[in-house]
1. Let me check something: with ligands and nucleic acids excluded, how do ARG19, ARG30 order by accessible area (1.4 Å probe), largest to smallest?
2. Provide the gained length on full extension for the span TYR77 to ASP102, in nm with one decimal, where the gain is 0.36 nm per separating residue minus the Cα-Cα distance.
3. Long-range amide H contacts for PHE131: which residues qualify at under 5 Å (H placed 1.01 Å from N, peptide plane, sequence gap of 5 or more or a different chain)?
4. Restricting to DSSP loop positions (anything but H, G, I, E, B) with no more than 14 other Cβ atoms inside 10 Å of their own Cβ, which trypsin sites (Lys or Arg not before Pro) remain in the range 35-64?
5. So how much slack lies between ASP110 and HIS40, counting 0.36 nm per residue of separation and subtracting their Cα-Cα distance, in nm?
6. I'd like the Karplus ³J(HN,Hα) series for the range 114-122: coefficients 6.51, -1.76, 1.60, θ = phi - 60°, whole numbers in Hz, and an x wherever there's a Gly or Pro.
7. Let me know the longest stretch in the chain that avoids all GluC sites (Glu not before Pro) found in a DSSP loop with at most 12 other C-beta atoms within 10 Å.
8. Quick one: of LYS28/LYS99; LYS89/LYS127; LYS20/LYS98; LYS45/LYS98, which pairs are farther than 19 Å apart, Cα to Cα?
Amino acid sequence: MKPDMEGVLNMKSITVTERKPSVEEYIKLRNSIGWKILQHDKIEKGLNNSTYCVCVEDQGNIIGFGRIVGDGATVFYIQDIMVVPSYQKQKIGTLIMKKIIDYIDNNCIDGAIIGLIAIDELDNFYKKFGFAYNQNNRFYRYND
């Protein structure tokens, strides 16, 4: 299931790029949403070990990011879906998730483990992409 993109803000100024953010961009995003800031060298190592990254920019400024960690074939864990608060509820997260799901669809094997952990408030958002909440282990699992 792929959500529509109706309601996305001025798309002329928005670019979606398959790339790692710089450590500084990553820290800026984490700061903007109130997430704990990690050690610079640990962030760099984590980003470098990502399977796939996607950045969303508005006029050259990063406003959103998401990534996959895993082995690139059998295990995909969606991590760090972040959107600057002033851009939230404008389908930027949907843009990020569409790119991530496209990557997974093109690279996973049948029966791959695809999951994420999210706060309760995002339950409906992730359900739009085929994820279902599992009460037994508090883990969302992709059900295509």
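1. Working: ARG19 65, ARG30 25 Å².
These residues rank, largest area first, as ARG19, ARG30.
2. Values: separation 25, 0.36 × 25 = 9.00 nm, distance 1.40 nm.
Working it through step by step, the gained length comes to 7.6 nm.
3. ASN143
4. Details: sites: LYS36, LYS42, LYS45; in loops: LYS36.
Sparse-neighbourhood loop trypsin sites (Lys or Arg not before Pro): LYS36.
5. Values: separation 70, 0.36 × 70 = 25.20 nm, distance 3.63 nm.
Full extension from ASP110 to HIS40 adds 21.6 nm.
6. With the stated coefficients, the range 114-122 comes to 10, x, 6, 10, 8, 6, 3, 4, 9 Hz.
7. After excluding every exposed loop site, the longest remaining stretch is 19-144.
8. Listed pairs above 19 Å: LYS28/LYS99; LYS45/LYS98.
The values are calculated or read from the model by the stated rules, or taken from the named source; none is laboratory data. As the structure is a prediction and not an experimental result, all values here were calculated from the model. Note that we place each Cβ from the backbone using ideal geometry, even for glycine, and neighbour counts take in every protein chain shown. Each accessible area value is taken on the protein alone, full model and side chains, heavy atoms only, with ligands, DNA and RNA left out. Shrake-Rupley method; radii C 1.70, N 1.55, O 1.52, S 1.80 Å.
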